[in-house]
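Student: Supplied in structure tokens, the structure appears directly below.
What follows draws every value from the coordinates through simple rules; no lab data is involved. This one's a predicted model, so the numbers in the text were calculated from it and none came from an experiment. Cβ sites come from the backbone with ideal geometry, for glycine too, and all protein chains shown count toward neighbours.
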Amino acid sequence: MTWQAPSVPAEGPWSVAVFARNEAERIGHCLRALARCEDAARLHVTVLLNGTTDGSAAIAASALREARLPGALYDIPHGDKSHAVNLFLHRLRPAAGLYLMMDGYVEIRPDAPRLLARRLARRPDALAAAAVPSTGRSAAALRRSMMEHPGLHGSLFALRGGFVERLARAGLRLPRGLYRGDGLLGSMVLHDLDALGGGWIGSRIAVEPGASWANPPSHLWRWRDLRRHGRRMMQQARGRLQNAALRSALYAGGFAGLPEDADRMLLDWIAADPAARAPRPWKDPLACLALARIRQSGPGPSPEGLEPRLLWAGA
């Protein structure tokens, strides 16, 4: 039987998780945009910095204090968004009827939280609400694609509180190091946490075309933006490899059977049939380079590197 969710409660806080790595240039703008939201008084903001070395922590703490946003600021030494998502969902989130997840380099529109909450209130069959992009070269195409094929875009989406509680009780986690963790969360929503028997039902994600965000303009003649673009292309190549291994793992054991480490999952999957599964340099040279880097990487993060450290908290 498909789980039917109640309406989003009219009272109580909405929890916002902000994920960022080396976003000193943008994190202050991101948090001040949250403070300008129509429902800012309802927001509890948890900022999770992962692998950050650029002074973002001081900027984020200052912005939270100045905006008088209640919440907490954490630093996680290991730089991995999927791990940060796991920490938030299983250890660091407050109780809430609605969980907003967003990237620390975007500025959401003032009405975005209200529109996402209203969409879920009007769609009791939906477990999540997706915002859509409004800026960028590919924004229009991505909006059309999301309306036709609902999914979660990592820059901004909302999860119903009851769904998050069930996910946590089931002990489901994203593999550490998974590039497209938001896509896997979207799959958990669309399957209602049951990859093998829940069916893929698009209506479980309600797309809200009015809820959106702004991205900072990217200029490839700037060294910082060029480096970011290069890293993104490499990460996307790594993600293509991981996705193939992830599908195999999901078909075998469902969400509960996913391994702890995404790169280890990938290497084991390729080793089982290297002739068929290893990327070819003439077809996907970036994937070959990404695989070589994974194979050359050292041991995984230390237990201390995975632990969050509270830097600031305010009521």
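Student: Above 19 Å lies some portion of the pair distances; for segment 116-201, what is it as a whole percent of all C-alpha pairs?
Tutor: Distances greater than 19 Å cover 41 percent of the Cα pairs.
Student: Right, another one. For segment 102-118, what does the Karplus curve 6.51 cos²θ - 1.76 cosθ + 1.60, with θ = phi - 60°, yield as ³J(HN,Hα) per residue in whole Hz, taken in order and with x for Gly and Pro?
Tutor: Computed from phi, the couplings for segment 102-118 are 8, 8, x, 9, 9, 10, 7, 6, x, 9, 4, x, 4, 5, 5, 5, 5 Hz.
Student: Per the Cauchy relation, a quarter of the hull surface: what is the mean projected area of the convex hull of the alpha carbons in segment 26-123, in nm²?
Tutor: The Cα convex hull of segment 26-123, projected and averaged over all directions, gives 6.3 nm².
Student: How large is the convex hull of the C-alpha atoms of segment 223-299 per residue, in Å³?
Tutor: Spelled out: Cα convex hull of segment 223-299, divided by residues, is 115 Å³.
Student: Please list the equivalent ellipsoid semi-axes of the chain, computed as the square roots of five times the alpha-carbon gyration tensor eigenvalues, in descending order and whole angstrom.
Tutor: Square roots of five times the eigenvalues give 29, 24, 19 Å.
Student: Give the longest segment of the chain that steers clear of GluC sites (Glu not before Pro) in DSSP loops with at most 15 neighbouring Cβ atoms within 10 Å, not counting the sites themselves. Each step should come with its number before you reach the end.
Tutor: On the way: sites that count: E11, E25, E38, E260.
Maximal segment without exposed cleavage sites: 39-259.
Student: Moving on to the next point. Using modelled backbone amide H atoms (1.01 Å from N, in-plane), which distant-in-sequence or interchain residues come within less than 5 Å of A214's amide H?
Tutor: So A214 has HN proximity to E107, I108, R109.
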